[in-house]
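The values are calculated or read from the model by the stated rules, or taken from the named source; none is laboratory data. Being a predicted model, the structure only gives us computed values, none of them experimental. Backbone-built Cβ (ideal geometry, glycine too); neighbour counts: all protein chains shown. Remember, those area values only see protein heavy atoms, side chains included, never the ligands or the DNA or RNA. Shrake-Rupley method; radii C 1.70, N 1.55, O 1.52, S 1.80 Å.
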Amino acid sequence: MSETAAQTTKQNPLEYVTEQLDELRAKGVAPKLRVLEGEQKPVCTFDGKEVINLASNNYLGLTTHKALRKAALEAVRKYGAGAGAVRTIAGTMKLHMDLEEQIARFKNVEACVVFQSGFTANAGTVSAVLGKDDLIVSDELNHASIIDGCRLSKATIKIFKHKDLADCERNLQETANWAGRKLLITDGVFSMDGDIAPLPQLCDLAEKYNCIMMVDDAHASGVLGRGGRGTIDHFNCHGRVHIQVGTLSKAIGAMGGYVCGSRDLIEFLYLRARPFLFSTSHPPATAAACQAAFTLLDSPKGERLIKKLWANTKFFKRELKKRGFRFEGSETPIVPIHVGEASKAHEFSRKLFEAGVYAPAVGYPIVAEGKARLRAIVSAAHKREQLLRAADTLA
Ligand SMILES: *Cc1c(COP(=O)(O)O)cnc(C)c1O
């Protein structure tokens with residue numbers, strides 16, 4: 001083949017990516033990233049436009065709280081910018097151990113391990129604890145990080161209908177004689193509908209069928225239970241959940257995820273959870289900011305913030321209901337505004353943004369096809385008049 005012939009036949013092996021992207025753009029379901037200028041606040045500037053921010057998971061306004069900033073800055077001064085290694089080699093700083101002990105005390109469990117994110121906490125834990133001969137019974141709306149963890153474990157996966165206890169039990173009955181280990185797993189608060197798992201009843205089932213019980217409390221941490229201790233505390237299910245996952249990236253205001261449980265579970269994860277073994281630990285600033293956040297949560301100031309969050313949630317939902325909105329199921333500050341078709345949801349979100357309110361559209365693959373929606377999240381930091389203006393604009 002001559003050189004020119006080789007060139008004319010040269011193909012781009014990634015051509016299909018461009019084709020698929022063009023299709024998504026044509027359908028109107030390929031939104032651009034919104035770029036935040038300045039701080040993550042209830043009113044802030046994305047793409048040069050000031051909007052009321054109903055898009056973040058910053059439930060308590062801690063991303064910009066002065067106690068967290070101060071702790072982070074001090075940690076940078078004292079310990080530098082990075083940890084320099086994975087936890088199992090040289091990257092375990094005293095800050096990391098202190099944070100784990102603080103969270104374990106807060107959650108009233110034996111021990112805690114902190115991961116780089118909630119995502120890696122779920123994916124790393126499920127895949128470390130279970131293997132190919134095991135069984136997982138999982139709510140159909142569980143978070144992607146649980147789904148990926150389940151797949152990585154190579155266990156058999158049974159999905160039950162969302163919060164459907166009868167369907168869950170049917171799956172457990174059918175597998176009652178399963179030879180391997182069994183895990184029952186659920187989100188505590190479901191991130192797209194804002195509803196709460198029927199935890200006491202799921203614990204009953206886990207106990208009846210001898211399952212490990214695991215709860216992902218990413219959207220419940222700092223939101224539900226005393227001082228934001230999560231759904232286990234909210235339902236008083238202490239001692240009934242073997243593996244509790246939480247995130248440090250949402251209400252806690254920084255970044256990371258954690259697993260709480262028995263001392264042996266945590267020591268086992270230190271040895272077997274792959275994100276823990278193969279990915280560098282948090283920078284000192286992150287660990288220090290998280291410590292400051294838990295200190296705050298455990299104080300009267302934290303209680304006041306959580307109270308404010310729930311008062312704002314009730315207020316916003318009431319104002320939306322007055323304007324004819326319905327969001328059955330939502331029991332938390334997550335307010336889904338159902339649209340149906342993804343392209344319409346994206347268009348609605350775009351127009352709303354132009355009118356000064358940011359609530360992102362979520363469509364497939366984040367939610368099922370035909371179930372696209374806007375998702376608005378209330379925070380403790382919103383002012384009543386901002387929530388009123390947002391409700392008016394939405395209407
Ligand atoms: C956000 C979320 C996670 C991931 O947490 P990150 O710390 O952001 O990685 C896990 N589970 C659920 C249910 C979530 O909503």
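Being over 18 Å from L73 (Cα atoms), open to solvent by 20 Å² or more (accessible area, probe 1.4 Å) and not small (G, A, S), is that true of even one residue in the range 282-295? Step through it out loud before you land on a result.
Going residue by residue through the range 282-295, those that are over 18 Å from L73 (Cα atoms) are none.
Within the range 282-295 (the criterion being over 18 Å from L73 (Cα atoms), open to solvent by 20 Å² or more (accessible area, probe 1.4 Å) and not small (G, A, S)), the answer is no, since none of the residues qualifies.
Looking across the range 26-43, the residues that are in contact with an Asp or Glu (Cβ under 7 Å, 6 or more places away or on another chain) and at pLDDT 95 or above come down to R34, V35, V43. I'm trying to understand the selection: among the residues of the range 356-395, which are in a loop (DSSP other than H, G, I, E, B) and surrounded by fewer than 18 Cβ atoms within 10 Å (Cβ to Cβ)? If the condition is that a residue be in a loop (DSSP other than H, G, I, E, B) and surrounded by fewer than 18 Cβ atoms within 10 Å (Cβ to Cβ), then G356, Y364, P365, I366, A368, E369, G370, K383, A395 are the ones that fit.
Only one of the listed residues (K132, K163) is within 16 Å of the ligand (Cβ to nearest atom) and assigned to a loop (DSSP other than H, G, I, E, B). That residue is K163.
Determine which member of the set D167, D148 is in contact with a strand residue (DSSP E or B) (Cβ under 6 Å, 6 or more places away or on another chain) and of a type outside the set (A, V, I, L, M, F, W, C). Steps first, answer last, please.
Values: D148 fails: in contact with a strand residue (DSSP E or B) (Cβ under 6 Å, 6 or more places away or on another chain).
Among D167, D148, only D167 is in contact with a strand residue (DSSP E or B) (Cβ under 6 Å, 6 or more places away or on another chain) and of a type outside the set (A, V, I, L, M, F, W, C).
Restricting attention to the range 156-214, the residues that are touching a residue at least 24 places away in the same chain (Cβ under 8 Å) and within 26 Å of R326 (Cα to Cα) total 17.
Check the range 182-200 and report whether any residue there is assigned by TED's automatic domain parsing to the domain that holds C260 and assigned to a helix (DSSP H, G or I). It would help to see each step written out before you state the result.
Residues of the range 182-200 that are assigned by TED's automatic domain parsing to the domain that holds C260, as a first pass: 182-200.
Now narrow it down to the ones that are assigned to a helix (DSSP H, G or I): 199-200.
Yes, the range 182-200 has at least one match.
Candidates A273, A254: the one that is away from the ligand (no atom under 11 Å from the Cβ) and assigned by TED's automatic domain parsing to the domain that holds E74 is A273. Residue-level analysis places A30 outside the set of residues that are surrounded by 13 or more Cβ atoms within 10 Å (Cβ to Cβ) and farther than 30 Å from A345 by Cα. Restricting V76, V109 to those that are under 23 Å from the mean Cα position of the chain (by Cα) and more than 16 Å from G256 (Cβ to Cβ) reduces the list to V109.
For every residue, the table says whether it meets (1) outside any strand (DSSP E or B); (2) within 16 Å of the ligand (Cβ to nearest atom); (3) surrounded by fewer than 17 Cβ atoms within 10 Å (Cβ to Cβ); (4) not polar (S, T, N, Q).
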site	(1), (2), (3), (4)
K41	yes, no, no, yes
A55	yes, yes, no, yes
L60	yes, yes, no, yes
R77	yes, no, yes, yes
G84	yes, no, yes, yes
E101	yes, no, yes, yes
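I'm checking my understanding of the structure. Among residues of the range 135-160 that are touching an Asp or Glu at 6+ places or on another chain (Cβ under 8 Å) and within 12 Å of the ligand (Cβ to nearest atom), which one is farthest from A197 (Cα to Cα)? Once the filter is applied, the top-ranked residue is S145. With the requirement that a residue be in contact with a helix residue (DSSP H, G or I) (Cβ under 7 Å, 6 or more places away or on another chain) and open to solvent by 60 Å² or more (accessible area, probe 1.4 Å), what does the range 149-165 give you? Those that are in contact with a helix residue (DSSP H, G or I) (Cβ under 7 Å, 6 or more places away or on another chain) and open to solvent by 60 Å² or more (accessible area, probe 1.4 Å): L152, I157, K158, K161.
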